[in-house]
Structure formats: structure tokens, C-alpha cells
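S.K.: Questions regarding the structure given below will be posed in turn.
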Amino acid sequence: MESDRISVIRVKEVLLVTMPADPDDPTVSALQERVLEAMSGGSTPLGLVLDLSAVDTLDSFFARTVAETAQMVGLMGGRTVIAGMRPSVAITATQLGLRLGNAETVLDVDRALDLLHEPGATR
Amino acid sequence: MGSRSTKSARDARVRLDAHTAFLPTLLDTVDALVAVLDREGRIVRFNPACERLTGWREDEVLGRVLWEFLLPPDEMAPVLALIRDLSAGRFPARLENDWITRDGQRRRIAFNCSGIPDDHGEVQFLLGCGIDVTERRRSEAALVAQRDELLEVSTPVVRVWEGVVLVPLIGTLDGRRTERLMDRLLNAIVETRSPIAILDITGVPVVDTETARYLVETIRAVRLLGARTVLSGVRPAIAQTLVHLGIDLSGVETRASLVDALRWAQGVLGNAGPSTGPGRGG
């Protein structure tokens, strides 16, 4: 099962997803389903932290899915924060003109958690 | 020019071509390397230019097989392939390869090669006419190295504050430089965990659409990493150009001077604590 490669962990009101190094299309599709599932269970989380520090390739399907997921999470009242994108990935993404929609970006997961928990964070 | 003088000149040419001393004199005088081999690769002619370059005298090399002493072993294959081509009548051909001189130096020679056929069209001799390009190739390599070095020093990335990296841009931006700049800046941001990058364009003489596009691209990549860029050194003239060119820098923090940019950076770090500094995802 491809979706087994993705685990969505809920830590302190935040959904944390670490993407594998080379996510294929089924994995990426599974990401969206699992995240939305987790958003709806119990009390709504503050948001989603997507850790991309292991990822070394990013394609347009991935980018689109992330942008869509961020939008969906937003509709459910959460924020999406992308953490730890590698320089090489950022350069490729820029050259390909990939957009990540309204997802916010930070340097690492630490800062992502700070951002979601900071006082006055939209909720 | 009357027809008489043309005719006499033509006669003179015929006489010259028939003159047995013409060819040897030419081979002795010319600065180009001229070497002739038989089909087995044995040297049958080795002109003074060859002697001067290699340190071997013609009488020492006559009858010796070229690749047994003049060629470096690592370049044997292309030369042998060329000799096969020439023997089979495929010429003219060009090849650049090294010769080893008597005292063991390598010289780079650019050869023009041809075959000399007999009356039946069978190739009897192989002619190589070469120029020593060692110095030219060396200076070309030095030039490339220098350009790379210049690229290196022209895009320094400096950590000026806890969480702030600065890139003072000097001169014009092109594709190659931008690529290098992006690479260094993004890596510096990740290594120093700096949420703020200052791109200072005080030293950039003119900003055109191309330059602006490169700047925007860099800023976008920085954002994807999760850091924010402030563009400083936007002088009145540059502000004017940017607006007239219709370049959209909305969403990009811009300041007139580096001092203002640093102040802004301090403000962001001070307010939010050193741990934050979110950007919008491109």
C-alpha cells in the first residue's frame, strides 16, 4: 500500500507529515486524503506542518496537490506550513514556476510549530 | 595587368612547380609542423619545424614509427583511428593531440591531415600539417578559471547578524551569475538558519527587465525555503525604472538603503522572536 509511506502524526494540535525523499503520485494523493481525514477527527487541529527536508525532487503534481491541500485545510480553519525545503528543490521549483498556493514556508519544523502556536495565530 | 605579364607569371609558376628545390625549401622555411608517414606509420619526412619543437633531428626519426615515441599512450586511440581513415581515403581530416618532445614535455598540436595517393588512387603517404597550440589552449583554460573565480568573488554571501544574511550585488546580473547567487544564498540561509536575506542592489548600475526577473526569481526561491528577502539599495533612478518597466515587486519588501533594510530585519526578528519569519509559498 502506497499510502503506508505517509504517516500523519498529530502533535499538540498540529498535524505533522514528513514526506519521503522521492514521493510518487500515489503517495502524494494519499497525503491529501490522510490529512483531510485527520483534520476532521475530534477537535480541529491548528494546522498542518509539511516537512520537506528529506525531499529531493518536487514535481508539478506534488506542488499542485500541496497547494490544493493547503486551500482545503484553510477552508477547515487551519494553516499549512511547509518546512525545510532544500535549496536544490527550491531552485528547481522556481525554475519550473511551481506555486504552493497559500501555504506558508519556514526553515524548519521547529519554526513551523512556533508559527502555529504563536499568540494571535488565526484560529 | 596586361595579358603578356599574366602569361609570363603563369609560365614562371609552371617553372617553379617543376623546380626540385621548391618543395624542400618550402618545408624548410615554413613554421608549421610538416610530417609525412608511410602506410605503416613510419616517418618519411620530418621538417625543421618538427625538429625545433620535438628536439629530434630528422635523420634520427626517419623510419621510426610515429606512435612508438611521439605520442602519449593515452592519446594513441584517436590517432590510430585517424591513420586508418586516411589510409582508406577518408580525408582531409582534423585532429588535435599531444606530442611528447625529446625532453618529455607535452605539446598540444592542431593537425590538418591528408593522404597522398599514387597513380591508381591508392594512398601511399599520410601527410600531417600541424600548429603548436599549447600556449593558446593554456591561456584559454586560464581565462575560464579566471571567469569562474570572478563569479565566485562577485557574489559573496555574508552573515551580518544573528539570522540575517546579506548579499551585496555588484555589477550586472546575468543567468549564470543568478544561478550561482541563488545556489550560494539558499545554502547560506539553510546553513546559518537565517530567516532573513538582504539583497543589496546599491552596486547594480542599471536594472532592466532581465535583471528584475532574476531578482524576483531569487526572492521566490528564498521564500520557498521559508525565509524572507528584503531588497535594499533601491535608489530613485532604480525605483523609476522598476515602475516604468511595470515590474511587479508587490509582496517584496524593498528599502532605499542598507541601513533601512537592517533596521527592518531587526524589527522582524525582535517582534517575532528569532524563531519565526514565515513567507508565503511562492
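S.K.: Could you state the accessible area per residue of the protein assembly as shown in Å², with a 1.4 Å probe and every protein chain left in place?
M.R.: Details: 20980 Å² over 405 residues.
Per-residue accessible area for the protein assembly as shown comes out at 52 Å².
S.K.: Mean Kyte-Doolittle hydropathy of -1.0 or higher plus an axial Cα length of 18 Å or more: which whole DSSP H helices in chain B meet both?
M.R.: B:134-154, B:175-192, B:209-225, B:258-272
S.K.: What does the charge dipole of chain B about its Cα centre add up to, to the nearest 20 debye, if the Cβ of each Lys and Arg holds +1 and the Cβ of each Asp and Glu holds -1?
M.R.: Numbers: 36 positive and 38 negative charges, 168 e Å.
Its charge dipole is roughly 800 debye.
S.K.: Then there's this: Within 10 Å of each Cβ of A:110-117, how many other protein chain Cβ atoms are there on average?
M.R.: The mean count of partner-chain Cβ atoms within 10 Å per residue comes to 4.
S.K.: Hey, how many Å between the Cα centroid of the stretch A:1-49 and the Cα centroid of the stretch B:83-124?
M.R.: Between the Cα centres of the stretch A:1-49 and the stretch B:83-124 lies a distance of 67 Å.
S.K.: To the nearest 500 deg cm²/dmol, what mean residue ellipticity at 222 nm is calculated for chain B from DSSP H runs of n ≥ 4 alone, each contributing -39,500 (n - 2.57), summed and divided by the residues?
M.R.: -14500 deg cm²/dmol
S.K.: By how many nm would the segment from B:VAL30 to B:GLU68 grow when fully extended, if each residue of separation counts as 0.36 nm and the alpha-carbon distance is taken off?
M.R.: Gain on stretching B:VAL30 to B:GLU68: 11.1 nm.
S.K.: A follow-up question, please. Could you give the dipole magnitude of the stretch A:2-117 about its Cα centre, charging the beta-carbon of Lys and Arg +1 and that of Asp and Glu -1, in debye to the nearest 20? Don't skip to the end; give the middle numbers.
M.R.: On the way: 9 positive and 16 negative charges, 68 e Å.
Here the size comes out at about 320 debye.
S.K.: In peptide A:85-98, what is the residue-averaged number of other protein chain Cβ atoms found within 10 Å of each Cβ?
M.R.: Rounded to a whole number, the mean comes out at 6.
S.K.: Considering only the protein assembly as shown, what is the antiparallel percent among its DSSP beta bridges, to the nearest 5?
M.R.: 60
S.K.: I want the antiparallel fraction of DSSP beta bridges within chain B, as a percent rounded to 5.
M.R.: 70
S.K.: Another question about this same structure. According to a simple spin-label model (label point 7 Å from Cα along Cα-to-Cβ), what is the distance in nm between B:ARG94 and B:GLN266?
M.R.: Spacing of the two 7 Å Cα→Cβ label points: 6.2 nm.
S.K.: Hey, what number do you get for chain A at 222 nm if only DSSP H runs of n ≥ 4 count, each worth -39500 (n - 2.57), divided across all residues, to the nearest 500?
M.R.: On the way: 4 runs with 51 residues, N = 123.
Calculated from helices alone, the mean residue ellipticity at 222 nm is -13000 deg cm²/dmol.
S.K.: Still on this model: Using +1 at the Cβ of each Lys and Arg and -1 at the Cβ of each Asp and Glu in chain B, identify which of B:LEU95, B:THR54, B:THR209 lies farthest towards the dipole's positive end.
M.R.: So the residue we want is B:THR209.
S.K.: Tell me the relative contact order for chain B as a rounded percent, counting alpha carbon contacts under 8 Å between residues six or more apart.
M.R.: 11
S.K.: For the stretch A:9-73, which trypsin sites (Lys or Arg not before Pro) are in a loop by DSSP, counting at most 10 other Cβ atoms within 10 Å?
M.R.: Those that pass, being in a loop and sparsely packed, are A:LYS12.
S.K.: Could you calculate the contour length gain from B:ASP38 to B:ASP118, that is, 0.36 nm times the residue separation minus the distance between their Cα atoms, to one decimal place in nm?
M.R.: The span from B:ASP38 to B:ASP118 would gain 27.6 nm if fully extended.
S.K.: Still on this model: Rounded if a/c is under 1.5, else prolate if a/b is larger than b/c, else oblate: which is the stretch B:16-132, with a ≥ b ≥ c the root eigenvalues of its Cα gyration tensor?
M.R.: In terms of gyration-tensor shape, oblate.
S.K.: Take the solvent-accessible surface of the protein heavy atoms, probe 1.4 Å, and return the percent of it on the protein assembly as shown that carbon and sulfur atoms account for.
M.R.: 55
S.K.: Still on this structure, please answer the following. Does a label point 7 Å from the Cα of A:ASN102, set along Cα-to-beta-carbon, have any residues of the stretch A:58-89 with amide nitrogen under 19 Å, and which are they?
M.R.: Hits in the stretch A:58-89 for A:ASN102 at 19 Å: A:63-83.
S.K.: What dipole magnitude, in Debye to the nearest 20, does the stretch A:19-86 give about its Cα centre under +1 on Lys/Arg Cβ and -1 on Asp/Glu Cβ?
M.R.: So the dipole magnitude of the stretch A:19-86 works out to roughly 320 debye.
The values are calculated or read from the model by the stated rules, or taken from the named source; none is laboratory data. Please read all numbers here as calculations on a predicted model, not as lab measurements. No Cβ is skipped: glycine too gets one built from the backbone with ideal geometry, and neighbour counts run over all protein chains shown. Note: areas computed on protein heavy atoms with side chains; ligands, DNA, RNA excluded. Shrake-Rupley method; radii C 1.70, N 1.55, O 1.52, S 1.80 Å.
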